[in-house]
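Take a look at the structure set out below.
The values are calculated or read from the model by the stated rules, or taken from the named source; none is laboratory data. The shown structure was predicted, so the numbers you read here are calculated from the model rather than taken from an experiment. Cβ placement follows ideal geometry from the backbone for every residue including glycine, while neighbour counts extend to all protein chains displayed.
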């Protein structure tokens, strides 16, 4: 059974994975820090500028497009890994 979550964990309290190093000065620095690839970075930036550039709908369409690309990439990677593992047997 997993670790029991405290009330603080359940209600969206502080989580260390949201900490941002002091050297980060802009969104691109955050992308580099989190080691985001192109598709994930583009989706993140489209959400970040949701109401600042283009229209919210256009930005959300970009998020969906890049998220779909990343999902397909990860599925190809998993399939390739499974195939490689199977051939070793």
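Return yes or no: is residue 67 in contact with a helix residue (DSSP H, G or I) (Cβ under 7 Å, 6 or more places away or on another chain), closer than 24 Å to residue 23 by Cβ and assigned to a helix (DSSP H, G or I)?
no
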Quick check on my filter: what residues within segment 43-64 are part of a helix (DSSP H, G or I) and closer than 21 Å to residue 18 by Cβ?
43, 44, 45, 46, 47, 48, 63
Conditions: (1) under 17 Å from the mean Cα position of the chain (by Cα); (2) assigned to a helix (DSSP H, G or I). Residue 76 meets all but one. Number of the miss?
(1)
Among 67, 27, 82, the single one that is surrounded by 12 or more Cβ atoms within 10 Å (Cβ to Cβ) and modelled with pLDDT under 95 is 27
